[in-house]
Amino acid sequence: MDWMGSRAKGKSVDRLAGGKLKGCKERGEWAEMYFSMLAAGLGMKVLRPYGQTGVYDLGVERLGRLQRVQVKSTIYRRRNGEYSLNVMGPGRKMYAPGTVDFFAILLIPVDYWYIVPYEVIGRTNSSVHFTPAAQRQKYGEYREAWDLLRSGVTIQACGEDAVLGRDDGFERCTVMVV
């Protein structure tokens, strides 16, 4: 049998096969591999820490800087079509600031990825909920937001001359890409 197995014989590959895995750990490892495949396919350099001691699962290199990514996945769908999962770190504690840059959350049954910055959910939530079919979604802007990993977030801060104690008529701005 060749390396592509049954696919070479005209059969399709089940991209969501990980949802059929029984254990949470196995599904989590599958989701990490799935994330790695998609990110690499988008031209990103994906790194994996050696061993199981890191706080984050994977790294994505951008402009010589490592973006720490914690991959989460769920198959749990509530009656109202909402998916939910816990965003807990080691020891079932919340992730500390500075340990994770992004959460990559996969809703396995619908094959949607949410790339969410730590600042959005890391400090306040231990449980998050997604309703992909709803028109208004709390995390809708992060669905398939792979560009956040490639380009980072641009922050622009400006101040008026009077506030900055200057009187030359120019507005002062600082742009920072993080």
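Just so it is clear, none of the values below were taken in a lab; they were calculated from the coordinates. Computed from a predicted model, the values in this text were never measured in an experiment. Cβ coordinates were reconstructed from backbone atoms using ideal geometry, including for glycine residues, and neighbour counts include every protein chain displayed.
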ask   = Using 0.36 nm per residue, how much length does the chain from LYS25 to ALA96 gain when fully extended, once their Cα-Cα distance is taken away?
value = 23.4 nm
ask   = Does anything in the range 58-99 have its amide N under 14 Å from the 7 Å Cα→Cβ label point of ALA134, and if so which residues?
value = 78-85
ask   = Given H placed on each backbone N at 1.01 Å, which residues far from LEU47 in sequence or on other chains put an amide H within less than 5 Å of it?
value = GLY59, VAL60, GLU61
ask   = What area, in nm² and to one decimal, does the C-alpha convex hull of the range 81-142 cast on average over all directions?
value = 4.3
ask   = So, in the range 5-149, how many Lys pairs have Cα atoms under 26 Å apart, if the pair is 8 or more places apart or on different chains?
value = 13
task = List the relative contact order of the range 5-149 as a percent without decimals, with contacts defined as Cα pairs under 8 Å and 6+ residues apart.
result = 19
task = Please find the FRET efficiency linking ARG150 to LEU47, where r is the Cβ-Cβ separation and R0 is fixed at 22 Å, and quote it to the nearest 0.05.
result = 0.90
P(r), alpha carbons of the range 5-149 - 10 Å bins starting at zero, rounded % = 11, 41, 36, 10, 2
task = Quickly work out the ALA17-to-MET37 label distance, labels modelled 7 Å from Cα along the C-beta direction, and quote it in nm with one decimal.
result = 0.8
key: Packing-based ranking, highest mean first, of 104-111, 93-100, 52-59 given that Cβ atoms within 10 Å are counted   = 104-111, 52-59, 93-100
task = Could you calculate the FRET efficiency of ARG143 with ARG78 from 1/(1 + (r/R0)^6), where r is the beta carbon distance between them and R0 is 25 Å, rounded to 0.05?
result = 0.85
